[in-house]
Amino acid sequence: MAFFTSGGDKEKLMILYSLKKAGIPLSREQITAVLSEHGCNYITISQHVIELEETACVATVPAYRLQTIVLTKRGEEVVNLFSSMLPKSLREGIDAVVAAKLDDFHRENTVQVETRSLTDGNFTTSLALVENGDAFFEIRIKLPAAKYTHIAERRWDKVSKKLYMDTLLALTTEDDPAPDIDVPEETAEE
């Protein structure tokens, strides 16, 4: 039996191959989405990622409210040397899934939403735009019902960039404040 044709080694190579094809860091959930139709589940992938990290083939990088996995130079060397040992149909299947999901993966890694329920029945929702793992624009808002949090979560992807630009312009423009806003004297001088 050839190395990398079955079992854990094959699954590890599939993870490395998926990361190379994506060309961006992926979370464990995203890798699972790529490999689930090839018999891999989240627990198996998590274990393999730990082992791949121990051998310096991948690195786990903390990002805003999640961890992503990146292919290291050593991992890229391994996948370049051994990816041809994966069956062609398997490589083509991974290629197709990555191509179909790549835009969604990129958006998931750059547009983040986290909602928590509070003891008073309200919800707090953090909505963020993320670049290189750091939030560069974040809104935290308290909402009175789950219904409104779901609306905010759905709409964030569509309105986040406009809200960012509007906020940036509003905060960095030196025009006089709007006439209906009272600005205390000491704030106006700064």
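The values are calculated or read from the model by the stated rules, or taken from the named source; none is laboratory data. The shown structure was predicted, so the numbers you read here are calculated from the model rather than taken from an experiment. Note that we place each Cβ from the backbone using ideal geometry, even for glycine, and neighbour counts take in every protein chain shown.
Quick notes on this structure:
- Residue within segment 77-85 that is among the charged types (D, E, K, R), modelled with pLDDT of 90 or more and closer than 30 Å to Glu138 by Cβ present: no
- Screening Val97 on (1) over 22 Å from Glu29 (Cβ atoms); (2) in the same structural domain as Pro25 (by TED's automatic domain parsing) shows it passes everything except condition (1).
- Among the residues listed as Val111, Val61, Val79, the single one being surrounded by fewer than 15 Cβ atoms within 10 Å (Cβ to Cβ) and hydrophobic (A, V, I, L, M, F, W, C): Val61
- Candidates Arg116, Arg154, Arg107, filtered to the one that is more than 18 Å from Pro62 (Cα to Cα) and in a helix (DSSP H, G or I): Arg154
- Ile43 free of Cβ contacts under 8 Å to residues at least 12 places away in the same chain and surrounded by fewer than 18 Cβ atoms within 10 Å (Cβ to Cβ): yes
- Single condition Gln67 does not satisfy, out of (1) assigned to a strand (DSSP E or B); (2) polar (S, T, N, Q); (3) at pLDDT 90 or above: (3)
- Filtered residue count, segment 106-131, keeping only those that are out of contact with any strand residue (DSSP E or B) (no Cβ under 6 Å at 6 or more places or on another chain) and in contact (Cβ under 8 Å) with a residue 40 or more places away in the chain: 5
- Between Arg91, Arg28, the distinction of being more than 28 Å from Ala135 (Cα to Cα), of a type in the set (Lys, Arg) and surrounded by 12 or more Cβ atoms within 10 Å (Cβ to Cβ) belongs to Arg91 only.
- Filter pass, Asp120 being in the same structural domain as Ala146 (by TED's automatic domain parsing), farther than 16 Å from Ile15 by Cα, out of contact with any Ser or Thr (no Cβ under 9 Å at 6 or more places or on another chain) and loosely packed, with under 13 Cβ neighbours inside 10 Å: yes
- Among the residues of segment 17-59, those identified as among the hydroxyl-bearing types (Ser, Thr, Tyr) and either in contact with a helix residue (DSSP H, G or I) (Cβ under 6 Å, 6 or more places away or on another chain) or under 18 Å from Gly93 (Cα atoms) (or both) are Tyr17, Ser18, Thr32, Ser36, Tyr42, Ser46.
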